[in-house]
Structures are given as structure tokens and as C-alpha cells.
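Below: the structure, in C-alpha cells.
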Amino acid sequence: MQISELKEIGPKTAKIFESSKIFTTDDLICYYPFRYDVIKRSNIEELLDNDKIIIDGLVETRASVFFFNKKMNKMTFKFNTGKYLLNVSIFNRGYLKSKIVPGVVLTLIGKFDKKHNTIIASEIRFSCLKNIPTIEPIYHQIGGITSKEISTYINRINDFNVVEYIPEYLKEKYKLIDKKEAILKIHNPKNYNELKEALAYLKYEELFLFMLKMNSLKLNKKNKIGLKRNVDYNKVLEFINKLPFKLTVDQQKCVDNIFNDLNSETRMNRLVQGDVGSGKTIVAIIALYINYLSGYQGALMAPTEVLSYQHLSNLKNIFKNYNINIEVLTGSLKQKEKKDIYKRLQNKEIDIIIGTHALFSDEVTYNNLGLVITDEQHRFGVNQRSNLKNKGITPDILYLSATPIPRTYALTIYGDMDVSSIKTMPSGRKEIITMLKKNSEIKDVLKLMYEEIKLKHQIYVISPLIEESDKIDLEKIKELEDKMNSAFGKICKIGVMHGKMTKEEKDKVMDEFKNGDTKILISTTVIEVGVDVKNATMIVIFDSYRFGLSQLHQLRGRVGRNDIQSYCILISDKDKTRLDVMTKTCDGFKISEEDFKLRGSGDIFGVRQSGDMNFKIADFKTDYNILLRAREDTLDILNNSLDNYPNLVKILNDSCNLD
Ligand code: ADP
Ligand code: MG
């Protein structure tokens, strides 16, 4: 059923859903909550005046409604909790009057006016689950459609279709419920147990399908045959010697690994892992140069447009004395510009193309793609990895990632991938000094900022993204802008950047910051990955408790990019213990471990962090054991019985493989 056929979904709402790729009710029902609120019943004896109250009971008297005017009314009735008789008053629910009759079971949510023995209710619920905590699903907003509305729409879906992928014997082995049941329970769990059952099914399914694809890639022999090249190492050295800095020992090792991979007949499938600021970009650039020397086109994929354009200016600069054609392709280019690039890629008028995953959309045909590099690999969803499709030949593959993936994990996920690490930072770097401040200490923070501005340094100011609402995000940004303007507006220019801006707007803001016109850049986390402005020496992160430690580490990596002392100021009124980890270490590996420890492994209600692997419901770390099981199970199926499962054959054929 199309989403627009659902009761009360008008064309406007349907459009919003469609822009998030939710077209049918079957799509909508697979939009899962990202966390749950647990609503516990209040104990009247323990409540103080004005406390929040949630309580079950029976309506004792009919409701009476008093109208203040056309728009305002107040309804009152008496309510029996079994132990107490309470007054209830609630505003603007006059339309419920006919339903409030003696004997009806209700759950009331509101405030308790102890003196008057009255519940000032804000919400009346007719479905009451006595004695059990009610678990309320919370969904990420979709373009202004609230979590509550999404929940309401989902509950209106009477019937839906599912495809069961998991073979019956595995469902029995792990005592999994049916998929349909799991989906119903993930939206409306009646208790923890139901939620656990739902999660058990859906997590296993997600990891099962993921590992099925991964293992199928791995088992595919065709995947291993690479391009033949014959590049002269001296030419590469010549290029390296002309760089503005000397490579670190680890960078040089990576380059050598890559050179050997590219020159061998086996297809390269390598991950370069190195902490933020360790200098992965230059390694990628050298790889692109080697690839260019052997006569092939190269592609560099980045997770954001901002980063794509940064790479462009970086590459143009480094290759300025070479006759290499470099372009950018992102989703927000005009149709005409895109078409032009498609044509030139096909005719090999472009040697190196940089861009977001638009690089691998259906319309793109390469002339002879020899190398694909994915920067900030961990930022791409797992499925995008397989979206790098065959464009006629079998390109070598290189991934760059700052997320330290322990080797065992890497082997599981990436299979036969080779790993090179950059462990040491370029010389001369000073450890970033990190401080934790409360909102009440904002004056100190402004003073520290002022010191940096006096030194003609630049500053990032980060406002966290509140995932549930775009509107609040923009308001927060505005608030910060006002704050900064009143403190520094007279002495320097301040830039603002957020995800809702167009590419041109973002470019402009970024350029002004890069060339030093603006001294302060206020931004949401669109700035999080990869951005490199050497003169920026301070980053101030508001409400930093909203971020995971690894994400804070990425943000902090925006400064300390040369030998000037840099600072990171975390502002937060809560979560001191966790955030203190940041003040104690700058080691990304330690931080990610700490992150993992602090979040605990059984944290089913936790907000999943961005970064890592973008699974919809499973968590790469906490569900690692499920992942291991899924790996064994899918290997077994691929090796022995795939033909018995047409659904699995189909899903493998549909997913675009790398070969
Ligand atoms: P990341 O690994 O986080 O992507 P970048 O590649 O952006 O880091 O490098 C961070 C900064 O360090 C850049 O400004 C880059 O020019 C500089 N850099 C990289 N390698 C070296 C080196 N060997 N010596 C000095 N500076 C370097
Ligand atoms: Mg980078």
C-alpha cells in the first residue's frame, strides 16, 4: 500500500516520507525506533508537590468541561487509583468528554499538585498496562514529522508484507520469533522481554544479510584478479621528494605497501588506518599518482561535500605542475554539470575524480577506472561498500579510516583485506590541551578564545546536532551565533555552517575560513570529518555530553595540525567522568576502547553512536557475538546450500558487487 493511502497522511506528509525513501507502508513499518523511553508508574506517597506523575486508575465521575473561550477549555473529573481518589484537570481536551465515563481505565501523565490532591494532566492514555512499565518507542524525526506522529502512523498499518530471509533451521537454533512478530514488537514492545525478542531477530537478520554479502564477496575468486601495471618506483620517489614535507616512516611504509599491491597482479584490497591528523591524505594522493602513471583513472570518495572540495584544492595544489585533470562530482551539482562530467569521465578527459557516493551512481561510466579510494571509510554505511560497482574493470581498492578497528574485527568485517597502519604523527606536533568547562564558566572560555584571536589564530565552535529535530538545531546555532557576535563581532568576522545550507553556501563559508577572512567558524558536526585548516588552534564544543568519545576525538582532530599549541574546550554540565577521558588522552585507540567500555555491552536502550558501521539496528561492537555467529552461518550456507534459498540468491544478485 502506498504511504499516501494511509489514513490522515496528506500529500505533503507523503512527500516528506518519500524524500526519505519511505514509499509504502511496508517501508514505513521497517523504520525502527532508535531508542525507547520507559514510563514507570509513580508512587503517590513518594511524590512531592509539582512532581511529574504517571499513574493508572479508573474514572470515578463523568467529566465536566469549562470553556474559557472558543479555543480554551478545561476538563475535570475524579480519578480512582484503587488507593486514592484524586482530582484531575486537563486543558483543551474537551473533545474527549464523552469517553471519560465512570469505570474507564486510564493512564494519566502530568504534574501532581499535592496541596489540592490534583493531577494537572498533560496526557490521557486509554490503553493502560497495569503494573508493567510502558516502553515508548522514540523515532528519529523525518523532516518535521515527529516521533509521536511516526508512531501513530505506524500503528495505523493493519497489514504488511515481509520477506523472511533466515532459514527455518537457524530460527530454531537461536529460538527466534517470526519476522512479522519481531517487527510488531519492535514498535510496540509490551515489556523488556518482547523488546529483547524483537531485537534478537532483527539484529541477527541484519548481521546475517551483511555477512552473507561480505562472505560472498570474499569467496568470489574473480575478485582477486587485479590490473597489471608496470610503474617505475623512481618516478614515485621523485614525486615524493618534491612534496612540501618529508613523509613519516609509517607513511613511507604505507606507500611501499600500496606500490607493491598496485604493481602486482593480485587485486589490491587495503585499509590504511591512522589516527586523525596522522597524514593519510598524502598517502592516498601518492596512490592516485601511481595509478595515474600506469594510465588509469582514479576515484577518491569522501563522505561529505565539504571534504570533497578540500581534497580537490589539496590535489590541485600538489599536482599543479603535472598535467592531470581533476574534477569533483557530488549529488548537488546541477544536472548539466553532472552530464558534462559523465561525458568527460567516459572519454577519459578526467584523470582523477573526487566526490561523494555520487561517484558510483548508475549514470557514471568510467573509461578505465584503476583505483578507488574511500576516505573516512567508517563514515559510509556498510552497504555502500558494495555499492562501488563494477564499471567495466576490476579497480584496486584502498580504504582510509581513522577509526581504529581492532584486528579481529577488521578480519571479520573486511575479510581478506590487508591493513597498513600509520602509528606516529608527523614530527613537531604538540599534544592538544583539552579542558572541561561548565556552562557557567563561559566567561573563562571566551577569554581563552580571545587570547587565540589576538594571536591571529582561528577557532571552531561546535554545536551538537540534536537528532530528533532539525528546527531546534537551527535555533541552537542561531543562539551560538548571537553569543559569539556579542563577544567578538566587533573584532573579527564569524562564519556559520550547518547541514541545511546549499553546497555553494557551505563552500563560501569554508573558503572564508580557510583563507583566514573569518576567525571563528560556528558549525554543526558537518565539520566533523577530515577538514584541515592548519591555522585553527582551538575548538570549543558545546553540550559535549551529546557526543560519543570517538566523535569528540574526531572533532578535536580538527586542530593541532601543525606545531602550534592547540586547545580543545569541552563545555558540558553533565557526564564529567566520561568526558574526563578526553582530558587525559589524545590516543584515538584508547578513547574508542574507553567509549566501548563506558557504554557497556548490554546497553540495549543506548543511543547508537554515529560513525562505526552504520547498521540500522545492530551495533558492530556490542553485537559482535551475533556477528560471529552470522559469519559462520552464512559461510556454511554459501558453501553448501545457497541454492535452497531463492530469497538469498536474489538478494545477492540484487546487491551490486565489487567484482
Ligand atoms: P588525516 O590522517 O586525519 O586525514 P591529513 O592527511 O589531513 O590527516 O593530515 C593532517 C595534516 O598533516 C595535513 O595538514 C597534512 O598536510 C599534514 N601532514 C601530513 N603528513 C605530513 C608529514 N609527513 N609532515 C608534516 N606534515 C604532514
Ligand atoms: Mg583525512
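The values are calculated or read from the model by the stated rules, or taken from the named source; none is laboratory data. All values derive from a computational prediction rather than experimental measurement. Because the Cβ atoms are built from the backbone with ideal geometry, glycine has one as well, and the counts that use them run over all protein chains shown. Ligands, DNA and RNA are stripped out before the accessible areas are found, and what is left, the full protein with its side chains, is counted by its heavy atoms. Shrake-Rupley method; radii C 1.70, N 1.55, O 1.52, S 1.80 Å.
Going by the structure shown, is L329 open to solvent by 10 Å² or more (accessible area, probe 1.4 Å), more than 16 Å from ligand 1 (Cβ to nearest atom) and of a type in the set (A, V, I, L, M)? When the stated conditions are applied, L329 does not pass them. Look at A358 and say whether it is small (G, A, S) and crowded, with 23+ Cβ neighbours inside 10 Å. In short, no.
V101 meets the conditions (1) farther than 29 Å from H187 by Cα; (2) at pLDDT below 95; (3) of a type outside the set (D, E); (4) within 43 Å of the chain's Cα centre (by Cα) in every case but one. The failed one is (4). Scanning segment 502-523 for residues that are closer than 23 Å to L333 by Cβ, open to solvent by less than 50 Å² (accessible area, probe 1.4 Å) and either of a type in the set (S, T, Y) or within 16 Å of ligand 1 (Cβ to nearest atom) (or both) turns up M510, F513, S523. Counting the residues of segment 39-72 that are closer than 16 Å to E123 by Cβ and in a strand (DSSP E or B) gives 8. Considering N317, N347, the condition of being away from ligand 2 (no atom under 16 Å from the Cβ) and of a type in the set (S, T, N, Q) is satisfied by N347 alone. Condition test on G499, is it assigned to a loop (DSSP other than H, G, I, E, B) and surrounded by 20 or more Cβ atoms within 10 Å (Cβ to Cβ)? Against the criterion (assigned to a loop (DSSP other than H, G, I, E, B) and surrounded by 20 or more Cβ atoms within 10 Å (Cβ to Cβ)), G499 does not qualify.
Here segment 3-26 is the region considered, the condition is being of a type in the set (K, R) and in a helix (DSSP H, G or I), and the residue that is most open to solvent (accessible area, probe 1.4 Å) is K12. Restricting attention to segment 303-328, the residues being modelled with pLDDT of 90 or more, outside any helix (DSSP H, G or I) and of a type outside the set (S, T, Y) number 9. For segment 179-192, the count of residues that are in contact with a helix residue (DSSP H, G or I) (Cβ under 7 Å, 6 or more places away or on another chain), within 25 Å of V649 (Cα to Cα) and open to solvent by 40 Å² or more (accessible area, probe 1.4 Å) is zero. Scan segment 269-289 and give yes if some residue there is at pLDDT 90 or above, outside the structural domain of K500 (by TED's automatic domain parsing), away from ligand 2 (no atom under 16 Å from the Cβ) and among the hydrophobic types (A, V, I, L, M, F, W, C), otherwise no. No.
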